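Would you mind keeping the following structure in view while I ask a few things?
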Amino acid sequence: MSEPMREIEVTVNGKLHRASVPVRMTLSDCLRHEFGLTGTHVGCEHGVCGACTVLFDGHSARSCLMLAVQANGHEIETIEGLESAKGELSHLQAALRDHHGLQCGFCTPGMLTTLTELLRDNPSPTDSDVRIAISGNLCRCTGYEGIVAAALDAAQRIKDAGSRA
Amino acid sequence: MNRIVGTSVERVEDRALLRGQACFVDDISFPGLLHAAFVRSAEAHALIRTVDISAALDVPGVRAIWRMEDIAHHLSDPLLKVALPSPAFRQELHRPTLSDQEVVHVGEAIAVVIADSRYIAEDAAALVMVDYEPLPAVSDCKAALEADAPRAHSSQPHNLVAEFTMGYGDHETVFASAPHVFHEELWQHRGVAHSMECRGVVARHDRLEDIITLWSSTQTPHACKRVICDVLGLDEDKLRVVTPDVGGGFGPKLVFYPEEVILALAARELRAPVKWIEDRREHFVSTTQERDQLWDMQIAVDNDGKILGLRGLLVHDHGAYTARGVNVPYGSAAAITLPYIVPCFFLDIKLAVTNKVPVTPIRGAGQPQAVFAMERLMDRVARELKLTTDEVRRRNLVPPELIPYTTPLKTRGGMQVVLDSGDYPATQAAALEKADWAGFRARQAAARKEGRYLGIGLANYVEGTGRGPFEPVSVRIGENGRIHVASGAAAMGQSTKTMLAQVVAEQLGCDMSNITVVTGDTAAIDYGMGGFNSRQAVMAGASAHAAAKKVRAKALTVAAHMLDVGEQALEVEGRHVRLKGNDERKVGLGEIARALAGLPGYYVPGGLDPGLEATERVIINDMTYANGTAVVEVEVDPETGLVQLTHVTFAHDCGNVLNPQIVEGQIIGGMAHGIGNALYEWMGFDENAQPVTTTLAEYLLVSATEMPMKVDIVHLTSPTPLNELGIKGVGESGVIPMTAAVAAAVDDALAPFNVKITRVPITPPDLVSLIEKAAAP
């Protein structure tokens, strides 16, 4: 039994990637092992922990529950695409650092993508809005307090700077 | 006066993690990388008749399939003998590298498939046919000790793997004459550690040098190296173990696992790099857990509620094998009395083998259970004697004037348990004040009028931290002036590199950006214990402090020669040694290092040893005891059993604080774990010891919406005299008092229903059933 393959073209963080992938390959495996973008992490492979969350055409999605072939022709944003072209951390990334919103950092890629979407869609979130937004992202280290504080602070920083997350 | 130590400096770990540039074990890749998948037992207890690999071998892309018979000739011993020594053992139950005769829990490894991709490896693993002869299994630790219980291992006459007693004083006499004796039977459960990153191993064999490099998501790389060298008969210069970035540890990753030795062997025998990444379901059945303890306890008190004695039985679920030792129940037993003056103590401790995943420490390591048992007893005493729960504790806490307080207890290594520092009554008072304990009854009464049920509870803990005897640190300044720090400590997300850089920077110029820290690499330093037991800031911190001071003294001596001034006139600032406050007269750290590297035929400056470097292995045998008090306020919905944490106040004393933000992060993270233990986390097994919670949708971790509505942390600072920095460990503290404090608060909220919590986790269905039972006539 040979592995059925498909050619795909996916734009990741603004860059076009082409690959020939097995049809059963998950999007997370494709991003990590075909495209070398290992910043997206895989924590459970059943869609609960949220570490693998990416922005798929701008919407948060579990890359472990999608197939790479489903991404053909679509645009994806991952943790590697969040900093500015000059290599400056985004407001959200900087706020996570400043509020100790990460310890081991394994959940961080999913937190960043989920909260980037939140801050884009809801520029003035409440504490409760932030908690509900990340209730599908598990973190075993921080107890979430630093992450929530960082998201609220990032919202303020974005307003102050008049820019995006 | 410190400039860096004691401040919340930016973590050195963050930049890579925030940009997706960190390197976890599954981020490592090589050309020609092969992938391993394990065939694991589907039975909790069975004899293995045959393992048929023929169909699996036919899958294109499969490179090898190994059973025990295929690898036995490579192994010095088929068993992994890693247990800490103890005279308490009645049975030796070492794990096999691969099981070939009898399986004793679901998930133990029987065979390994190595293939071109993980997908193919998993396809083939599913085609390996294991023919089992099922045997009766035992899943409950109390039932396991009954005379007619099925035996977890068919070769053994019973299920009592170890037993010991702990205590002091004449409990028979004390309990016979005590004015009050109260009895409680308490069941507790811890569950699974669930670091967000599962385990993983990558191994590569360098044929040119005949060296195996093994990257493992382990908390103990040096111990890992020792076991693999022993099992494969390797010289120690033929194996390097490296811990890459680790996505959380929480205990189970301190244990050595069969996958580590098998991957090392596979890389060598198949002449290709090999990777194995555990998936979450495997994590549920093959990574160690900490599980049920049954505490059958009596407390004797006088009419004022002063403790006269404590005694009872502790039955501990050991799981199917000995993967670490008797250390979890030992830690429980040695912790239970600590916050209080307990004149007499006796505990009978029995470790039961069950057909479940082996048990080893998880964050807190037996201490949360001990605190739960003690604090539930204290609440009982308060209720019976009509005292408030804070007053009964106040009357019994070890008073500050008795510190250092030498208890009659000993650690598992035979060191006396001496409570070295802290003011326990002041800690409790600080927590009560911050929590507005005094105002709670008014809050409760007002809520009750609205039909809402509020409750409050508190729990004290004293935690043994800084397990010795040492953790080496080397500090070396290169000829370009860069400071290189290496330690046997292992980072797993708790900011270990930042901690070491801070301690070293304090002595060597306060420039964090000039320091490179390597942890968890056996090639970087010869010895190491690793990360567990809230020990690394204490033990590695002490060595880093000593080594940095030595390097600083050396740098000042040489600089004094070079600048022709007295050493006292000099200071280290940035990357230079300079005349104090004078940036004109200075010499670079790199120049000093170069001078100390020597020139052929010339004296080494200052008559010093060559090299601007020092390695320290500060020995601290005694543990240092941190303490704290948690106050939990809850609102309980008696109709649904939902418990909402409205306010958690945590007062604690970990001595001097190296980095306030990191300390608070450790506490809140621990607290979240403790809330999970109190209300959500349950690792279920059915009566046949089949696991019934093997996804994160069935096993519930606390998410952001379950955290307390308000968290307050109060720091008290009693520096320990046991290390120069005056620090005590803090990594596990947050978890330890949470189950006890939550249970007390739920009891209080549901006092009108006469509900008494005696087991955790307190799930909504359990709570509703307790309310219904209490309401029944």
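Membrane-span-like helices in chain B: DSSP H runs reaching 30 Å or more (Cα, own axis), mean Kyte hydropathy at least -1.0? Before the final figure, lay out the partial values.
Working: long enough: B:536-563 (38 Å, 0.56).
Those that pass (Cα extent of 30 Å or more, hydropathy at least -1.0) are B:536-563.
Between B:THR165 and B:ILE341, what is the label-to-label distance in nm when each label sits 7 Å out along the Cα-to-Cβ direction?
2.6 nm
Now for a different question. If one computes the Cα centroid of region B:560-578 and of region B:157-227, what distance in Å separates the two points?
Answer, in whole Å: 49.
Here's something else I'd like to know. Please give the average number of partner chain Cβ atoms lying within 10 Å of the Cβ of each residue in B:563-575, rounded to a whole number. Numbers along the way, then the final one.
Numbers: counts 0, 0, 0, 0, 0, 0, 0, 0, 0, 0, 0, 0, 0.
Going residue by residue through B:563-575 and averaging, the value is 0.
How many Cβ atoms of partner chains, on average, are near each residue of B:191-204 if near means within 10 Å of its Cβ?
3
Nearest 20 debye, what's the magnitude of the dipole of chain B about its Cα centre given +1 on Lys and Arg Cβ and -1 on Asp and Glu Cβ?
Working: 71 positive and 97 negative charges, 288 e Å.
The calculated dipole for chain B is roughly 1380 debye.
Sorting check: for B:275-285, B:79-89, B:351-361, B:251-261, which peptide has the highest mean count of neighbouring beta carbons within 10 Å, and how do the rest follow? Working shown, then result.
On the way: B:275-285: 21.7, B:79-89: 15.3, B:351-361: 28.2, B:251-261: 25.1.
Packing order, densest peptide first, comes out as B:351-361, B:251-261, B:275-285, B:79-89.
Quick one: dipole size for the protein assembly as shown, taken about the Cα centre, charges +1 on Lys/Arg Cβ and -1 on Asp/Glu Cβ, in debye to the nearest 20. Please list the in-between numbers first.
Numbers: 85 positive and 117 negative charges, 290 e Å.
Dipole size: approximately 1400 debye.
Still on this structure: Within region B:720-759, list the residues whose amide N lies under 18 Å from a label point set 7 Å along Cα→Cβ of B:GLU639.
B:750, B:753
A follow-up question, please. Which far-off residues, 5 or more places away or on another chain, put their amide H under 5 Å from the one on A:LEU37, with H placed in the peptide plane?
A:ARG32
While we're on this one: So for the pair B:GLU92, A:ASP129, with labels modelled 7 Å out along Cα→Cβ, what separation do we get in nm?
For B:GLU92 paired with A:ASP129, the spin-label model returns 6.4 nm.
Across the residues of A:36-43, average count of Cβ atoms on other protein chains within 10 Å?
Details: counts 2, 2, 9, 8, 1, 8, 8, 11.
Per residue, the average neighbour count from other chains is 6.
Tell me, what % of the accessible area of chain B is carbon and sulfur with a 1.4 angstrom probe?
Details: 13890 of 27480 Å².
Whole-percent figure for carbon plus sulfur exposure: 51.
Past 19 Å, Cα to Cα, is the threshold; run B:LYS253/B:LYS350; B:LYS81/B:LYS253; A:LYS159/B:LYS710; A:LYS15/A:LYS86; B:LYS386/B:LYS756 against it and keep the listed order. All intermediate terms of the calculation are to be shown ahead of the outcome.
Details: B:LYS253/B:LYS350 25 Å; B:LYS81/B:LYS253 17 Å; A:LYS159/B:LYS710 26 Å; A:LYS15/A:LYS86 16 Å; B:LYS386/B:LYS756 16 Å.
Pairs exceeding the cut-off: B:LYS253/B:LYS350; A:LYS159/B:LYS710.
List, by residue number, every residue in region B:1-40 with a reduction of 10 Å² or greater in accessible area between the chain on its own and the complete protein assembly, 1.4 Å probe.
Buried by the other chains: B:GLU10, B:ARG11, B:ASP14, B:ARG15, B:LEU17, B:LEU18, B:ARG19, B:GLY20, B:GLN21, B:PHE24, B:ASP26, B:ASP27.
Once you have the Cα-Cα distance between B:GLU69 and B:LEU608, take 0.36 nm times their residue separation minus that, and quote the gain in nm to one decimal.
Values: separation 539, 0.36 × 539 = 194.04 nm, distance 5.74 nm.
Separation in residues times 0.36 nm, less the Cα-Cα distance, equals 188.3 nm.
Could you sort A:85-97, B:540-552, B:514-526 so that the peptide with the highest average Cβ count within 10 Å comes first and the rest follow in order?
By packing density, highest mean first, the sequence is B:540-552, B:514-526, A:85-97.
Distance check, please: which entries in B:LYS410/B:LYS549; B:LYS497/B:LYS549; B:LYS238/B:LYS497 exceed 21 angstrom between their Cα atoms? Please list the in-between numbers first.
Working: B:LYS410/B:LYS549 33 Å; B:LYS497/B:LYS549 18 Å; B:LYS238/B:LYS497 27 Å.
Listed pairs above 21 Å: B:LYS410/B:LYS549; B:LYS238/B:LYS497.
Just the accessible area per residue of the protein assembly as shown, please: how many Å² with a 1.4 Å probe? Provide the component values of the computation, followed by the final result.
Details: 33870 Å² over 942 residues.
With the other protein chains kept in place, the protein assembly as shown gives 36 Å² per residue.
In terms of Cα to Cα distance under 13 Å, which aspartates and glutamates are near enough to B:LYS356, apart from those fewer than 8 places away along the same chain?
Straight-distance partners of B:LYS356: B:GLU43, B:GLU108, B:ASP140, B:GLU290, B:ASP292, B:ASP317, B:ASP686, B:GLU687.
Choose one of B:THR758, B:THR496, B:SER86: the residue whose Cα lies farthest towards the positive end of the charge dipole of the protein assembly as shown (beta-carbon charges +1 Lys, Arg; -1 Asp, Glu; about the Cα centre).
B:THR496
With a point put 7 Å past each Cα toward its Cβ, work out how far B:GLU479 is from A:ASN122 in nm, to one decimal.
Calculated label separation equals 5.9 nm.
How much accessible area is lost when chains A and B come together, counting both sides, with a 1.4 Å probe, in Å² rounded to the nearest 100?
4100 Å²
If you stretched the chain out fully between B:GLU433 and B:ILE403, how much longer would it get, using 0.36 nm times the residue separation minus the C-alpha to C-alpha distance? Before the final figure, lay out each step's value.
Details: separation 30, 0.36 × 30 = 10.80 nm, distance 2.33 nm.
My answer for the length gained is 8.5 nm.
Need the C-alpha centroid separation for region B:676-707 versus region A:36-107, integer Å.
Their Cα centres are 26 Å away from one another.
Turning to a different aspect of this structure: Which is farthest toward the positive dipole end of region A:91-160 among A:GLN103, A:VAL130, A:ALA151, measuring Cα position about the Cα centre, with Cβ charges +1 (Lys, Arg) and -1 (Asp, Glu)?
Value computed over the given set: A:GLN103.
If we sort B:560-573, B:370-383, B:106-119 on the protection proxy, mean other Cβ atoms within 10 Å, highest first, what's the order? It would help to have the intermediate numbers written out before the result.
Details: B:560-573: 15.7, B:370-383: 24.7, B:106-119: 22.7.
Averaged packing, sorted descending, gives the order B:370-383, B:106-119, B:560-573.
Shifting gears a bit: Could you tell me which of B:ILE483, B:ALA630, B:MET738 has its Cα farthest along the dipole of the protein assembly as shown towards the positive end, charges placed at Cβ (Lys, Arg +1; Asp, Glu -1), taken about the Cα centre?
The one lying farthest along the dipole's positive direction is B:ILE483.
Starting from the amide H of B:ARG40, placed 1.01 Å from N in the peptide plane, find each other amide H under 5 Å away whose residue is 5 or more places distant or on another chain.
B:ILE110
Between region B:598-626 and region B:11-37, how many Å separate their Cα centres?
34 Å
Here's another thing I want to ask about it. Can you tell me how much longer the chain between B:SER513 and B:ARG448 gets when fully stretched, taken as 0.36 nm per residue apart minus their C-alpha distance, in nm with one decimal? Let's see the in-between values first.
Details: separation 65, 0.36 × 65 = 23.40 nm, distance 5.62 nm.
In short, 17.8 nm is gained.
Moving on to the next point. Kindly identify residues of region B:268-288 having a loss of at least 30 Å² in accessible area between the isolated chain and the assembly of all protein chains, probe radius 1.4 Å.
B:ARG280
The values are calculated or read from the model by the stated rules, or taken from the named source; none is laboratory data. Note that the structure is a prediction, hence the values are computed from the model and not measured. Counting neighbours? That spans all protein chains shown, and the Cβs are built from the backbone with ideal geometry, glycine included. Surface areas here come from the heavy atoms of the whole protein model, side chains and all, with no ligands, DNA or RNA. Shrake-Rupley method; radii C 1.70, N 1.55, O 1.52, S 1.80 Å.
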